[in-house]
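**Student:** Below are the structure tokens for one structure; questions will follow.
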Amino acid sequence: GCHSAEYMRYNRLAADLDIPEEIVLRDMVIPGAKIGDPMHAIMPKKKSAEWFGVTPPDLTLAGRLHDADWLYSYFISFYVDPQSVSGWNNTVFENVAMPHVLADLQGRRTAVFKEEDGHRSFDRFEVQTEGSMTDEEFKSAMKDLTAYMVYMGEPVKLKRVKYGIYVMLFLFVLAFLSWMLKKEYW
């Protein structure tokens, strides 16, 4: 694809999501890559900069740069914009260079803006054509995509939180014992 995830490796994805490595190798790994390689983009960086005006960013840390709410809102906020280079725009990230690659799923929409006190603000979307998914199905899929993006930003978060609880319990016990020792000495 267009974006890379260079800080994520295929084998880490397979292990964390319980996907057999054979399936990852067959369906997800780009030709010539190995299961332990980082996820590189297929599109050449120089060509993508020519086509879109900017090289598509690495998505590994997007879930840490932006929170989950921002990512979800971004995914569901594309609209048709004939003035943009790609033919698409986004209400969350205005003048984004990325085309709406999920338009077949969501459908084509236009954005309606309102003018108040000389400021333009987003009002609503109007559907031009329906997508292959209903609005609820699309939003559910974008929640899953958002969860994956957040996971990619910090794959060990669940383990870190689990161990953090044990560390805090240990520190509380140690603090109590230290307080008891202090009381005994004084």
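**Student:** If you wrap a convex hull around the alpha carbons of the range 1-112, what volume per residue comes out, as a whole number of Å³? Provide the component values of the computation, followed by the final result.
**Tutor:** On the way: hull volume 14.3 nm³, N = 112.
In the range 1-112, the Cα hull volume divided by residue count equals 127 Å³.
**Student:** Please build a GNM for the chain, connecting alpha carbons under 10 Å apart, and tell me which residue among 115, 126, 137 fluctuates the most.
**Tutor:** 115
**Student:** Over the chain, give the accessible area per residue in Å² for a 1.4 Å probe, as an integer. Don't skip to the end; give the middle numbers.
**Tutor:** On the way: 13020 Å² over 186 residues.
It amounts to 70 Å² per residue over the chain.
**Student:** Something else now. With contacts defined as alpha carbon pairs under 8 Å and 6 or more residues apart, what's the relative contact order of the chain in percent? Let's see the in-between values first.
**Tutor:** Details: 226 pairs, mean separation 32.6, N = 186.
So the answer I get is 18 percent.
**Student:** State whether the range 23-72 is rounded, prolate or oblate according to the following rule on the C-alpha gyration tensor (a ≥ b ≥ c being the square roots of its eigenvalues): a/c under 1.5 gives rounded; otherwise a/b larger than b/c gives prolate, and the remaining case gives oblate.
**Tutor:** Details: a/c = 2.68, a/b = 1.19, b/c = 2.25.
Judged from the Cα gyration tensor, the range 23-72 comes out oblate (a/c at least 1.5, b/c at or above a/b).
**Student:** Put +1 on the Cβ of each Lys and Arg and -1 on the Cβ of each Asp and Glu in the chain; which of 165, 11, 186 then has its Cα farthest toward the positive end of the dipole?
**Tutor:** Of the candidates, 186 comes out farthest on the positive side.
**Student:** Next up: Going toward the positive end of the dipole of the chain, with +1 on Lys and Arg Cβ and -1 on Asp and Glu Cβ, which of 153, 121, 87 do you reach last?
**Tutor:** Positive-most Cα among the choices belongs to 153.
**Student:** So, one more: Of 2, 174, 66, whose Cα points farthest to the positive end of the dipole of the chain (charges on the beta-carbon: +1 Lys, Arg; -1 Asp, Glu; origin at the Cα centre)?
**Tutor:** 174
**Student:** Compute a Gaussian network model of the chain, connecting alpha carbons closer than 10 Å, and tell me which residue from 163, 79, 148 fluctuates the most.
**Tutor:** 163
**Student:** Carbon and sulfur: what percent of the chain's accessible surface (1.4 Å probe)? List each step's numbers first, then the result.
**Tutor:** On the way: 7840 of 13020 Å².
Accessible surface attributable to carbon and sulfur in the chain totals 60 percent.
**Student:** Same structure again: With +1 assigned to the C-beta of every Lys and Arg and -1 to the C-beta of every Asp and Glu, and no other charges, what is the dipole magnitude of the chain about the Cα centre in debye, to the nearest 20?
**Tutor:** Numbers: 21 positive and 26 negative charges, 188 e Å.
Approximately 900 debye in magnitude.
**Student:** Measure out, as a whole number of angstrom, how far apart the alpha-carbon centroids of the range 8-27 and the range 31-101 sit.
**Tutor:** Between the Cα centre of the range 8-27 and that of the range 31-101, the gap is 23 Å.
**Student:** Ignoring solvent entirely, what values of log10 I(q)/I(0) come out of the Debye formula for the range 76-118 at 0.15, 0.17, 0.34 Å⁻¹ when each Cα is a single scatterer?
**Tutor:** For the range 76-118, the Cα-only Debye profile gives -0.36, -0.45, -1.32.
**Student:** For the range 1-94, give the magnitude of the charge dipole about the Cα centre (Cβ charges: +1 Lys/Arg, -1 Asp/Glu; no others), in debye to the nearest 20.
**Tutor:** Working: 8 positive and 13 negative charges, 76 e Å.
Value, rounded to 20: 360 debye.
The values are calculated or read from the model by the stated rules, or taken from the named source; none is laboratory data. None of the values given here were measured: they were computed from a predicted structure. All Cβ positions, glycine included, derive from the backbone under ideal geometry; neighbour counts span all protein chains shown. Side chains are part of the model used for accessible areas, which takes the heavy atoms of the whole protein and leaves out ligands, DNA and RNA. Shrake-Rupley method; radii C 1.70, N 1.55, O 1.52, S 1.80 Å.
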